[in-house]
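The values are calculated or read from the model by the stated rules, or taken from the named source; none is laboratory data. Computed from a predicted structure; not experimentally measured. Don't worry about glycine lacking a Cβ; one is built from the backbone with ideal geometry, like all the others, and counts go over all protein chains shown.
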């Protein structure tokens with residue numbers, strides 16, 4: 001089942017297009033990373049999914065329901081943590097849990113206390129006296145406490161220390177393993193790479209990729225480094241058609257391999273190779289490649 | 001209505017309600033006690049100054065040129081600018097919190113991330129606001145009772161007449177609240193929303209004042225809020241201001257409804 005689905009989702013702010021024809025599809029139980037730099041349209045898309053903004057055109061559905069019309073029903077099963085999290089400064093953690101329980105008409109205090117313990121958060125401290133990291137932890141506790149079917153996190157780890165980030169990642173993986181869906185917006189590529197199994201890349205309001213991380217890497221090909229046994233021996237030799245060189249000197253060639261690895265191995269067999277590294281590119285390389293491609297409009 | 005939202009609203013309105021309630025209690029008791037003491041001196045000076053007559057007439061909602069009766073000193077504590085300013089300030093503080101206040105301080109995302117409808121938010125907050133209004137106006141009434149009890153019996157109004165004036169003040173308070181909800185629903189900045197409402201209220205007061213001496217202003221004085229709050233007439237005639245109350249309650253209901261419709265349909269942007 002598709003937990004999040006958008007078709008032709010478009011949003012204008014006056015004459016400026018913030019999101020244009022976004023088609024997203026997030027299956028149940030997945031950890032979906034929504035990637036893009038600041039201003040690419042990530043938060044606008046999330047705000048439409050949560051019913052904060054009405055789409056200019058297109059469809060946005062969560063759990064098969066319309067995000068604007070059925071916003072209230074949908075949010076009963078969503079946990080949301082905004083990017084720029086601001087909590088009521090006069091509340092302490094216990095009051096915040098009490099408030100959320102009463103607003104949700106469901107007691108989440110026990111689960112909230114358990115999570116706070118797990119995250120090392122003192123619930124008796126008032127929000128106004130909390131550090132940024134503590135507020136972030138409280139935001140996560142409030143978003144997770146009711147065990148939502150869909151968790152929407154807008155850059156959740158900014159402000160968290162590395163240990164807490166690891167703990168959160170473990171928690172999210174556990175959630176996904178038990179059928180919960182995580183929609184995770186970030187511009188920290190290593191984090192998405194470590195955590196997500198599916199990625200959407202948004203650029204200038206347009207979704208340029210929505211597929212599994214593995215398929216994205218496969219599509220991008222391999223990253224190849226070749227060290228030659230005799231320096232300078234390959235100076236006049238052209239690379240095989242399957243290899244696009246990005247760096248070339250007397251000792252080492254570096255480039256991107258398109259197509260099967262066999263072709264390169266066969267070609268290398270005729271030359272004297274000292275060292276060979278063939279690896280899938282990391283997400284950062286993939287992301288940069290997509291972002292450096294010219295768009296139709298730019 | 002949502003218990004969580006009501007708890008939050010009650011907590012956020014407590015300080016403003018206690019402060020305004022206490023101030024109104026003190027000011028109202030002082031005015032109700034002090035003004036009748038100066039009746040003779042005030043009457044002599046008052047008849048000489050046309051400007052003052054117009055100003056008081058604008059406050060009380062009736063021409064006072066014919067003379068100053070004890071009713072005027074009963075009405076003045078209910079229409080004194082300090083009292084009106086405190087009552088209006090309470091309404092504006094309470095009713096600009098949602099959504100302008102929430103968006104302004106960045107908490108709208110947390111609030112609207114919860115499974116609560118926008119109408120539900122408005123209704124829950126309105127319920128708490130009305131309770132706060134009752135507290136504030138009760139404090140005003142008690143202040144008046146205390147002040148009046150300290151002066152001699154001949155200048156005291158009947159309880160029923162005072163309660164009618166209180167009801168009229170409540171109706172006017174609701175209109176200010178309704179207007180504040182509407183302006184707040186149209187705004188992302190609470191400070192801006194409060195300023196707009198205060199400008200409208202000052203303009204309303206000014207129109208009522210100008211109407212005393214300038215015909216064109218008199219023709220449009222029906223647009224002034226104070227045209228429907230005339231405590232002097234109630235104290236003088238003892239009549240029930242059915243028309244004024246109908247206009248005020250209808251305006252308050254329409255403004256609140258419009259605020260709800262705007263809030264339910266608008267985009268919430270915090271970034």
Any idea which residue in the range A:20-46 is surrounded by the most Cβ atoms within 10 Å (Cβ to Cβ), counting only those that are farther than 17 Å from residue A:187 by Cα and in contact with a helix residue (DSSP H, G or I) (Cβ under 9 Å, 6 or more places away or on another chain)?
A:22
For the range A:120-133: of the residues being part of a helix (DSSP H, G or I) and modelled with pLDDT of 90 or more, which is surrounded by the fewest Cβ atoms within 10 Å (Cβ to Cβ)?
A:129
Do you know which residues across the range B:218-271 are more than 14 Å from chain A (Cβ to nearest Cβ) and not in a helix (DSSP H, G or I)?
B:220, B:224, B:229, B:230, B:238, B:239, B:240, B:241
Out of the range A:83-99, which residues are at pLDDT 90 or above and within 7 Å of chain B (Cβ to nearest Cβ)?
A:86, A:87, A:88, A:90, A:99
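Given the structure, is residue B:198 in a helix (DSSP H, G or I) and within 14 Å of another protein chain (Cβ to nearest Cβ)? Give the steps one after another, and end with the answer.
Values: in a helix (DSSP H, G or I): yes; within 14 Å of another protein chain (Cβ to nearest Cβ): no.
Here the answer is no, as residue B:198 does not meet what is asked.
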The lone exception for residue A:79 - which of (1) outside any strand (DSSP E or B); (2) within 10 Å of chain B (Cβ to nearest Cβ); (3) closer than 20 Å to residue B:120 by Cα it fails
(1)
Residue hits (the range A:266-282; under 28 Å from residue A:213 (Cβ atoms) and free of Cβ contacts under 8 Å to residues at least 24 places away in the same chain) are none
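Hey, can you tell me all the residues within the range B:107-116 that are more than 7 Å from every other protein chain (Cβ to nearest Cβ) and surrounded by fewer than 22 Cβ atoms within 10 Å (Cβ to Cβ)?
So the first thing to find is which residues in the range B:107-116 are more than 7 Å from every other protein chain (Cβ to nearest Cβ), and the list is B:108, B:111.
If the condition is that a residue be more than 7 Å from every other protein chain (Cβ to nearest Cβ) and surrounded by fewer than 22 Cβ atoms within 10 Å (Cβ to Cβ), then B:111 is the only one that fits.
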Test: residue in the range A:205-225 that is more than 26 Å from the chain's Cα centre (by Cα) and surrounded by fewer than 17 Cβ atoms within 10 Å (Cβ to Cβ):
yes
Answer residue from the range B:117-134, given it is surrounded by fewer than 21 Cβ atoms within 10 Å (Cβ to Cβ) and within 10 Å of chain A (Cβ to nearest Cβ) and is nearest to residue A:78 (Cα to Cα) among those:
B:117
Yes or no: residue B:59 touching a helix residue (DSSP H, G or I) at 6+ places or on another chain (Cβ under 6 Å), in a helix (DSSP H, G or I) and modelled with pLDDT of 90 or more?
no
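Would a scan of the range A:195-211 turn up a residue that is over 30 Å from residue A:15 (Cα atoms) and either at pLDDT 90 or above or part of a helix (DSSP H, G or I) (or both)?
Let us first name the residues in the range A:195-211 that are over 30 Å from residue A:15 (Cα atoms), namely A:195-198, A:211.
Still in the running and either at pLDDT 90 or above or part of a helix (DSSP H, G or I) (or both): A:195.
Within the range A:195-211, one or more residues are over 30 Å from residue A:15 (Cα atoms) and either at pLDDT 90 or above or part of a helix (DSSP H, G or I) (or both).
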For the range A:167-192, how many residues meet the condition of being surrounded by fewer than 21 Cβ atoms within 10 Å (Cβ to Cβ) and not in a helix (DSSP H, G or I)?
4
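For (1) modelled with pLDDT under 90; (2) away from chain B (no Cβ under 14 Å); (3) within 21 Å of the chain's Cα centre (by Cα); (4) assigned to a loop (DSSP other than H, G, I, E, B), each residue gets a yes or a no:
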position: A:101; (1), (2), (3), (4): no, no, no, no
position: A:107; (1), (2), (3), (4): no, no, no, yes
position: A:113; (1), (2), (3), (4): no, yes, no, no
position: A:139; (1), (2), (3), (4): no, no, yes, no
position: A:146; (1), (2), (3), (4): no, no, no, yes
position: A:152; (1), (2), (3), (4): no, no, yes, no
position: A:165; (1), (2), (3), (4): yes, yes, yes, no
All positions within the range A:48-76 that are within 10 Å of chain B (Cβ to nearest Cβ), surrounded by fewer than 18 Cβ atoms within 10 Å (Cβ to Cβ) and closer than 13 Å to residue A:150 by Cβ:
A:73, A:76
Could you please give the count of residues in the range A:28-66 that are on the phi < 0 side of the Ramachandran plot, assigned to a loop (DSSP other than H, G, I, E, B) and touching a strand residue (DSSP E or B) at 6+ places or on another chain (Cβ under 7 Å)?
7
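Filter the range B:88-106 for residues that are surrounded by fewer than 20 Cβ atoms within 10 Å (Cβ to Cβ) and within 14 Å of another protein chain (Cβ to nearest Cβ) and give the result.
B:105, B:106
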Single residue of B:35, B:14, B:18 found to be farther than 25 Å from residue B:130 by Cα and in a helix (DSSP H, G or I)
B:35
